[in-house]
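Comments concern the structure below.
The values are calculated or read from the model by the stated rules, or taken from the named source; none is laboratory data. This one's a predicted model, so the numbers in the text were calculated from it and none came from an experiment. Note that each Cβ is placed from the backbone with ideal geometry, even for glycine, and that neighbours are counted across all protein chains shown.
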């Protein structure tokens, strides 16, 4: 089983590389990581310059940006573009192979379906780990240059929580990809699942989205958000359940 | 020495019965042609055999391994429209398949050579024609050297040269492995199969050795051909034959006349006498073609399955 997993993971990673998905994810996450502190730094100047001459006599007072603003900007960028990338990169992973007839060819070989799902998830997890690591490194360096370096341990805790949140999105998208009979229906289902997940954050502190608030509070030493260990447990649980459901559904599915 | 044993194979999709519970067995090392019109249940049967679909009832045993019960039977499978990873080269794809099977020294080059893809082994599969993909599909099925090869419409997408090449390869596999293939191209089945099963509306209509089938369904028919300028005399002959009591049908086609007899012995004696003063180019007794048998059997919708051994 482990040997086949290794073979399949190698295939998935090669595919991400050859189809340029890996490059796209690395470039987007690194780009937004680098841009976050820069945007935080120049935003007051931008607003000031835009406001000049527009409203005579009105004085706009914008507080000097800080390290906290850079971290807020990073969280905002990763939560938007990371979410988009996580869904786009994984919703077609299984539905697409089924639709293109690749699954019918491959499942006649000794490739257990749970290994197929596990390799897809692992490859996505590795790709996003690399992207997030590069983005976080870029953001850290620029934050240190433009403001001052955030405490490394706290910053890593924020990135770790972001990563767990992204893994949950990937697992849900893969579940949608398994359930959807076509790429279109898988995409629609992934959208519904992610919207439901985001909406859950407005109703309960156990929702995965609360991890980002918690991570922010850790990184900026704020008391605004208490520890969300239960949200972390729920997020890991949702991801594990989505993964297990993908395996179970695919195992029972008839392949055309 | 049975390689494939199918018992009471049934598949229903809601209210639709795709396979109505049939039995079939295939001898080890033989080439078995699974024939049927579109929608007869050929692909559904093959998908169940390959473990891609589940039977509603019944079972399939391949080389002693029951399909869908955990262990994987020793099969190679080619679906009707195989989907590949377009970003891989043919050689990379076969290497990936070999690694999945845990083959330490896979005969990749020999397999590419065998299917006629040796020259394009380093080309990306995304640029392959449908025929080349079909050949690569055969290569991936052959690579692990399975004991049973399941091929779903392996020649339907190919041009005549490609079909001949594919059938030649299948012919070479006789005795080496059991080949079970579906097709609706009857000439191909007639050319390469040892044994034939005909399925219609989810029921097995007949299973028999090809030669037995052709002999059993031999038609009492013959064809007469006259010199090119003798069409009017041939038409007159057709009328005279029609007037006799021992002719079922006399069909004229230019300078050829196809005659189906009610009484073949009498037809042989009397028709030859009637040709005495005609410039006959050819007189040939016609054997049955698989097409005739196929059409005859598949038009009998509720025929009972028959096994001729």
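Structural remarks
- Considering residues of the range B:70-102 that are without any contact (Cβ under 8 Å) to a residue 24 or more places away in the chain, facing chain A (nearest Cβ under 7 Å) and assigned to a loop (DSSP other than H, G, I, E, B) only, the residue nearest to residue B:123 (Cα to Cα): B:83
- Candidate set: the range B:103-115, residues that are closer than 30 Å to residue B:44 by Cβ and either in contact with a helix residue (DSSP H, G or I) (Cβ under 6 Å, 6 or more places away or on another chain) or within 14 Å of another protein chain (Cβ to nearest Cβ) (or both); chosen: the one surrounded by the fewest Cβ atoms within 10 Å (Cβ to Cβ): B:115
- Members of the range A:108-129 found to be under 13 Å from residue A:22 (Cβ atoms) and away from chain B (no Cβ under 14 Å), listed by number: A:124, A:125, A:126, A:127, A:128, A:129
- Selection count, the range B:151-165, where residues are farther than 15 Å from residue B:186 by Cα and either touching a helix residue (DSSP H, G or I) at 6+ places or on another chain (Cβ under 7 Å) or at pLDDT 90 or above (or both): 3
- One residue stands out in the range B:239-250 among those that are free of Cβ contacts under 8 Å to residues at least 12 places away in the same chain and in contact with a strand residue (DSSP E or B) (Cβ under 7 Å, 6 or more places away or on another chain): the one that is nearest to residue B:274 (Cα to Cα), namely B:242.
- Scanning the range B:32-59 for residues that are assigned to a strand (DSSP E or B) and surrounded by fewer than 22 Cβ atoms within 10 Å (Cβ to Cβ) returns B:57, B:58, B:59.
- Restricting the range B:181-203 to residues that are under 26 Å from residue B:137 (Cβ atoms) and in a strand (DSSP E or B), the residue that is farthest from the chain's Cα centre (by Cα): B:199
- Residues that are touching a helix residue (DSSP H, G or I) at 6+ places or on another chain (Cβ under 7 Å) and either assigned to a loop (DSSP other than H, G, I, E, B) or crowded, with 17+ Cβ neighbours inside 10 Å (or both) within the range B:167-180 comprise B:167, B:169, B:170, B:179, listed in sequence order.
- Annotation: of all residues in the range B:60-69 being under 25 Å from residue B:210 (Cβ atoms) and buried (at least 19 other Cβ atoms within 10 Å of the Cβ), the one that is nearest to the other protein chains (Cβ to nearest Cβ) is B:62.
- Restricting the range A:86-102 to residues that are away from every other protein chain (no Cβ under 13 Å) and surrounded by fewer than 24 Cβ atoms within 10 Å (Cβ to Cβ), the residue that is nearest to residue A:173 (Cα to Cα): A:87
- Any hit, the range A:156-165, residues being part of a helix (DSSP H, G or I), within 14 Å of another protein chain (Cβ to nearest Cβ), at negative phi and over 15 Å from the mean Cα position of the chain (by Cα): no
Conditions (1) closer than 27 Å to residue A:36 by Cα; (2) modelled with pLDDT under 95, marked per residue:
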{"site": "A:147", "(1), (2)": "yes, yes"}
{"site": "A:154", "(1), (2)": "yes, yes"}
{"site": "A:167", "(1), (2)": "yes, no"}
{"site": "A:178", "(1), (2)": "no, no"}
{"site": "A:188", "(1), (2)": "no, yes"}
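- Single residue of A:132, A:105 found to be within 30 Å of residue A:244 (Cα to Cα), in a helix (DSSP H, G or I), within 13 Å of chain B (Cβ to nearest Cβ) and touching a helix residue (DSSP H, G or I) at 6+ places or on another chain (Cβ under 8 Å): A:105
- Residue check: residue B:134 meets all listed conditions (1) in contact with a helix residue (DSSP H, G or I) (Cβ under 6 Å, 6 or more places away or on another chain); (2) in a helix (DSSP H, G or I) but one, namely (1).
- Breaking point among (1) surrounded by fewer than 17 Cβ atoms within 10 Å (Cβ to Cβ); (2) touching a helix residue (DSSP H, G or I) at 6+ places or on another chain (Cβ under 8 Å), for residue B:228: (2)
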